[in-house]
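Here's the structure we're looking at; comments come further down.
Computed from the coordinates by the stated procedures, all read-outs in this text should not be read as laboratory data. None of the values given here were measured: they were computed from a predicted structure. Here the Cβ positions follow ideal geometry from the backbone for every residue, glycine too, while neighbour counts run over all protein chains shown.
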Amino acid sequence: MKYFKNAEIVFGWGAIQHVQNLGCRRAAILTDKRSMGRLGFVERLVSLLGESGADSDVIISIEREPTTEDIDAGAAELSKFNPDWIIALGGGAVIDSAKAMWVLYEHPTLTKEQLFVPFAVPRLRRKARLTAIPSTSGTGSETSCAAVFVEPKDRTKRLILSFEIIPDVAILDPEIPTTMPPQVTASSGMDALSHALESYVYALSNDFSEAVAVQATRLILENLEKAYRDGKDKIAREKMHYAATLAGIAINNSGTGLAHAMDHIGPRFGIPHGVACAILLPYVMEFNLGSEVARRKYADLAKILGLNGGEEKELALSLIEAVRELEATLQLPQSIKEAGVAEEDFFASLDLMVQHSHQNVSARLSPRPPTPLEVRELYLRAYHGQQLKS
Ligand SMILES: [Fe+2]
C-alpha cells in the first residue's frame with residue numbers, strides 16, 4: 001500500500017490572507033526578520049492575524065542556515081509562548097527550523113538523536129499545527145517530510161525525516177518571492193529542478209510523483225530564466241513558485257537522488273545547496289544513462305518537453321544538455337572547481353564525502369546505485385568539469 005502525501009496548498013496572489021482562515025488563537029511566527037521584516041511581510045502577517053482576532057508575535061528570527069544547536073532554544077521559546085499555530089514565513093532554513101522546533105515543542109523530552117532517527121517522530125498536533133509560507137521558490141520544504149540541518153562540529157548534514165512534519169498548510173503567495181535577488185532565484189530554481197529530475201527516476205517514483213515531476217520540470221525550463229532576468233515578471237515568478245512546490249511534492253512521494261546524496265560540497269565548502277545541486281545534477285544524469293530505466297524516462301521526458309532527438313540516448317542527452325544550457329544562462333558554476341573550491345581542500349575532503357554519499361539512502365535508491373569508486377569518479381568529473389563524451 002502506498003500513499004500520496006502533501007500539505008494543503010493555498011495559492012495565488014494575496015494568498016497570505018488565508019492565515020485569517022486558520023482559526024488561530026495564538027500564532028508563533030518564525031521568520032527571517034532581516035529580510036521578511038524589512039520587506040514589510042512580517043508586519044502584514046501580524047496585522048492580518050490581528051484582524052482575525054489572533055494574538056501573534058515573532059518568536060524566533062532565523063537569519064542563517066539552521067544548525068542542530070539552534071533547535072532547543074527555539075523549542076523553549078515556543079513553550080513559553082504556547083501557540084496553537086506555528087507560522088513559518090521564510091526560505092527553507094526558516095521552514096526546516098520551524099519543523100524541528102515544533103517537534104520538540106510537542107515532545108520536550110525527545111533527545112536530539114531521537115529526532116534524527118528516520119520516520120521515528122511521535123505524533124504531532126496535540127499542541128499546535130504548522131503553516132509554511134515560503135519566501136523562495138526552491139526547497140519545497142513547505143510540503144515536504146524533511147528538514148535539513150548542519151552539524152556544526154564536522155559540517156555534515158543531518159536530516160529529520162517524518163510524514164508528521166509535513167506542514168498542515170502551505171500558502172504560496174507569489175508576491176513574496178518576487179523580492180528574491182537573481183542569484184537566489186537561480187540557485188533555488190536549480191534546487192527545484194534537481195528535485196523534479198531526481199525524483200522522476202528514483203526507485204520509489206510512481207505515477208503520481210512522476211506526473212508532478214513532469215509539470216515541475218516543464219514550468220522550470222519555461223520560466224526560470226525569465227524570473228532570473230526580470231524579477232518583476234509576474235507570470236514567471238508565479239509559475240516558478242508553484243513549480244518549486246510541485247517538485248517538493250514529487251520528492252515527498254518519491255525521493256531525491258545521487259546529486260542530493262553528494263551534496264556534501266555545500267556544507268563543507270560554503271556552496272549554497274541549489275548551486276551544489278546545479279553543479280552535480282548533469283554529471284549524475286550522465287551517470288544514470290547507464291540505467292536502462294533512467295535512459296528511457298529521460299528520453300520520454302525530452303519528448304514531452306519537445307526537445308530534439310530521435311534515438312533514446314540522443315533524446316536523453318538533449319535533456320541533460322537543456323539542464324547545462326539553463327545553468328550557463330543563469331551564470332552558475334559548471335564544476336566544483338569553478339565554484340572556487342581549491343584542489344587541496346577538495347582532495348582533503350574527498351574520501352569522507354565519498355563515504356557519506358555512498359551510504360546515503362538517496363544513492364542506494366538511485367536508478368543506478370553507484371559503488372564507492374563510481375561516486376569518487378563522479379566527484380572528480382564534477383570537480384574538473386569533465387562531461388561525458390557522447
Ligand atoms: Fe534540494
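Applied to the stretch 109-114, the Karplus parametrisation 6.51 cos²θ - 1.76 cosθ + 1.60 on θ = phi - 60° returns per-residue 3J(HN,Hα) values of 8, 5, 7, 4, 5, 5 Hz, with x for Gly and Pro. Comparing 171, 251, 235 in a Gaussian network model of the chain (Cα springs below 10 Å), the most mobile by mean-square fluctuation is 235.
For residue 156, the residues whose amide H sits under 5 Å from its own are 151, ignoring neighbours fewer than 5 places away on the same chain, with H placed 1.01 Å from N. Largest GNM mean-square fluctuation across 98, 147, 211, computed for the chain with C-alpha springs under 10 Å, falls on 211. FRET efficiency for residue 328 and residue 296, Cβ-Cβ distance as r, R0 = 25 Å, nearest 0.05? Between residue 328 and residue 296 the formula returns 0.40.
Take every Cα pair under 8 Å whose residues are at least 6 apart in sequence, average their separation, divide by the length of the stretch 1-130, and the relative contact order is 26 percent. Here the chain carries DSSP beta bridges of which approximately 20% are antiparallel, counting only pairs with both residues inside. Quick one, could you list the DSSP H helices from the chain stretching 20 Å or more along their long axis (Cα atoms) with average Kyte-Doolittle hydropathy of 1.0 or above? Span-like helices here: 273-288. The charge dipole of the stretch 41-97, taken about its Cα centre with unit charges on the Cβ of Lys, Arg, Asp and Glu (plus for the first two, minus for the last two), comes to roughly 120 debye.
Electrostatic tally near residue 171: other residues with Cβ closer than 10 Å to its Cβ, Lys and Arg +1, Asp and Glu -1, net -3.
So if we plug the beta-carbon distance of residue 226 and residue 338 into 1/(1 + (r/R0)^6) with R0 = 22 Å, what FRET efficiency do we get, rounded to 0.05? Calculated transfer efficiency: 0.35. The amide H of residue 129, built 1.01 Å from its N in the peptide plane, has 85, 86 as neighbours under 5 Å, considering only residues 5 or more places off or on other chains. The phi torsions of the stretch 26-38, fed into the Karplus equation with coefficients 6.51, -1.76 and 1.60 and a -60° offset, translate into couplings of 10, 10, 8, 9, 10, 7, 9, 4, 4, 9, 5, x, 4 Hz, rounded to whole numbers, with Gly and Pro shown as x.
Could you give the dipole magnitude of the chain about its Cα centre, charging the beta-carbon of Lys and Arg +1 and that of Asp and Glu -1, in debye to the nearest 20? Kindly include the intermediate steps, with their values, before the conclusion.
Numbers: 41 positive and 49 negative charges, 107 e Å.
So the dipole magnitude of the chain works out to roughly 520 debye.
The residue list 121, 45, 176 was ranked by how far each Cα lies along the charge dipole of the stretch 8-178 toward its positive end, using unit charges on Cβ atoms, and 121 comes out on top.
Helices in the chain, meaning DSSP H runs of at least 4 residues, each add -39500 (n - 2.57). Divided by all residues, the mean residue ellipticity at 222 nm is -15500 deg cm²/dmol.
Projecting the Cα atoms of 357, 279, 141 onto the charge dipole of the chain (Cβ charges, centred on the Cα centre) puts 141 farthest toward the positive pole. Between residue 126 and residue 52, the simple spin-label model (points 7 angstrom out along Cα→Cβ) gives 2.6 nm. Pairs over the 23 Å Cα-Cα cut-off, from the set 33/226; 157/226; 157/232; 99/157; 239/313; 2/313: 33/226; 157/226; 157/232; 239/313; 2/313. Contact order for the chain, expressed relative to its length and based on alpha carbon pairs under 8 Å spaced 6+ residues apart, stands at 14 percent.
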